[in-house]
1. Got a sec to turn the phi values of segment 17-30 into Karplus ³J(HN,Hα) couplings, 6.51 cos²θ - 1.76 cosθ + 1.60 with θ = phi - 60°, whole Hz, x for Gly and Pro?
2. Rounded to the nearest 0.05, what FRET efficiency is calculated for residue 59 and residue 244 with R0 set to 35 Å and r the Cβ-Cβ distance?
3. At 7 Å along Cα-to-Cβ for each site, give me the label-to-label distance between residue 67 and residue 217 in nm.
4. Carbon and sulfur atoms: what percent of the 1.4 Å accessible area of segment 89-276 do they account for?
5. With just the Cα atoms defining each centre, how far is segment 201-223 from segment 135-160? Give it in Å.
6. Report, by chain and number, residues whose modeled amide H sits under 5 Å from the one on residue 218, excluding near sequence neighbours (fewer than 5 apart, same chain).
7. Report in % the part of the accessible area of segment 7-78 that belongs to carbon and sulfur, leaving out ligands and nucleic acids; probe 1.4 Å.
8. Find how much the distance from residue 233 to residue 81 grows on full extension, using 0.36 nm per residue of separation minus their present alpha carbon separation; answer in nm with one decimal.
Amino acid sequence: MRLSEGARLIRFTNEEFTQLITYMSGQYGIDLSKKKILAECRMNGELEKRGNISMGEYMRQMEMDMTKQLESILLNRLTTNYTYFMREPKHFDFLREKILPNIKPEWGRISFQIWCAGCSSGEECYTLAMLLQDYKDQGGWLPSFSIVGTDISEQALAVAQKGRYPVRELENIPALWQKKYLSIDEAGTSFDIGHAIREKVRFQRMNLLKPSVGLGQYDLVLCRNVMIYFNEESRKKLIEKLYRALKPGGYLFVGHTELLPRNHELFEYVCPAVYRK
Ligand SMILES: C[S@@+](CC[C@H](N)C(=O)[O-])C[C@H]1O[C@@H](n2cnc3c(N)ncnc32)[C@H](O)[C@@H]1O
């Protein structure tokens, strides 16, 4: 975020910053310890809006706020929600070429289930839904499928639920998928995800660091570009959680910059950024 000329950045004291780091890492696993300026820039507008209050005062008000609105604003501002359609395409190639062809009617399951942990504004989930639907449309055999996307940022989830994106986000989506599954608005500025794709995807707010009641069992879990923001201890906890959420033989995709050791005690290494339970 760039501050306009003459605008004053509300700086955090060391004590305030330590309090923020402890809160974000303890509650959400997010490690901000090397990101003081970034955090100051991202919080500045909100602190200004509330009468140029200090970060310490914000945290005090947040503690008293029963509506949890201040906490939600803090998370919306301090999480990095960068994502796009078809991100890290090797994973989608692997799914289409290696996982899906092995699913046969005799597999005996009624549904293929996917969890996108840390789905941000939904592009990853919709990419998967279009890929699976296209696979079926092209004659591939697949039982019914469903995708659940979870995130802690309410702002990101609201975009995901809406399923409307600016046209510039079309650039990586294959032309055939655009034609079959998306509709561009009359002004040509945005597009909507079609009903057939949307109904395959559901979004839910979830903190990956807290125990999750009723979390299902999945054939494939994607947790990409989430752990890079976590400290070591939270990363370990998260990997164990992802492991528990997978069915035996299920696959885990992580971001290509957050690889697990090849001899990981829980997962079998398959190829870069792909692991198997
Ligand atoms: C950079 S985005 C990655 C989006 C997508 N997976 C991708 O690879 O493009 C990281 C997402 O993780 C979410 N996140 C961070 N910590 C989380 C936590 N403790 N629980 C749930 N989501 C979290 C953030 O809100 C953010 O939307």
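1. So the J values, rounded to whole Hz, are 5, 4, 4, 5, 4, 4, 5, 5, 6, x, 7, 10, x, 7.
2. Efficiency at R0 = 35 Å is approximately 0.60.
3. 4.3 nm
4. 51 percent
5. 12 Å
6. Long-range HN contacts for residue 218: 246, 247.
7. Its accessible area is 52 percent carbon and sulfur atoms.
8. 52.5 nm
The values are calculated or read from the model by the stated rules, or taken from the named source; none is laboratory data. On a predicted model such as this, the values are computed, not experimentally measured, just so you know. For neighbour counting, all protein chains shown are included, and Cβ atoms are generated from backbone atoms with ideal geometry for every residue, glycine included. Note: areas computed on protein heavy atoms with side chains; ligands, DNA, RNA excluded. Shrake-Rupley method; radii C 1.70, N 1.55, O 1.52, S 1.80 Å.
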